[in-house]
Amino acid sequence: MSDVPVRELGGHAPAGPGGPSDRVVRPLRALVVAGHASPEPGARVALEHLQLPPLLDLELRLGEGTGALLAVPIVQAAARTLSEVATLDAVISE
């Protein structure tokens with residue numbers, strides 16, 4: 001999991017690149033997770049445009065990607081659940 005590229009879409013300025021990327025490469029949206037809802041208006045507009053529901057909405061204004069860092073364990077747990085938890089079909093076939 002450590003080789004997965006990560007890009008935080010934070011406040012107004014960092015959120016901008018997500019919009020054009022979505023228009024150019026539609027499948028990108030399936031690979032993006034919105035870690036948190038920034039209270040910055042530009043970030044909210046970008047998430048709405050990308051149709052990405054944020055995992056967290058804590059009204060953080062700390063900067064430095066704090067909201068994204070708080071979302072990392074949630075994303076890691078979801079990825080591990082999808083890849084490591086046995087399915088009912090696998091249990092039945094054993």
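Within the stretch 48-94, being under 18 Å from the mean Cα position of the chain (by Cα), surrounded by fewer than 10 Cβ atoms within 10 Å (Cβ to Cβ) and aliphatic (A, V, I, L, M) holds for one residue alone: Leu82. For first residues located in the stretch 55-68 and within 10 Å of Ser38 (Cα to Cα) and part of a strand (DSSP E or B), partners that are at pLDDT below 85 and not aromatic (Phe, Trp, Tyr) and lie 6+ apart or on another chain with Cβ distances below 8 Å form the pairs Leu56/Gly67.
Take the conditions at pLDDT 55 or above and assigned to a helix (DSSP H, G or I) and apply them to Arg7. Does it pass?
No, not satisfied.
Please indicate, with yes or no, whether at least one residue in the stretch 72-80 is out of contact with any His (no Cβ under 9 Å at 6 or more places or on another chain), of a type in the set (S, T, N, Q) and not in a loop (DSSP other than H, G, I, E, B). The answer is yes, given that some residue of the stretch 72-80 is out of contact with any His (no Cβ under 9 Å at 6 or more places or on another chain), of a type in the set (S, T, N, Q) and not in a loop (DSSP other than H, G, I, E, B).
The values are calculated or read from the model by the stated rules, or taken from the named source; none is laboratory data. The structure presented is a predicted model; accordingly, all values stated were derived computationally and were not measured. Virtual Cβ from ideal backbone geometry, glycine too; neighbours counted across all protein chains shown.
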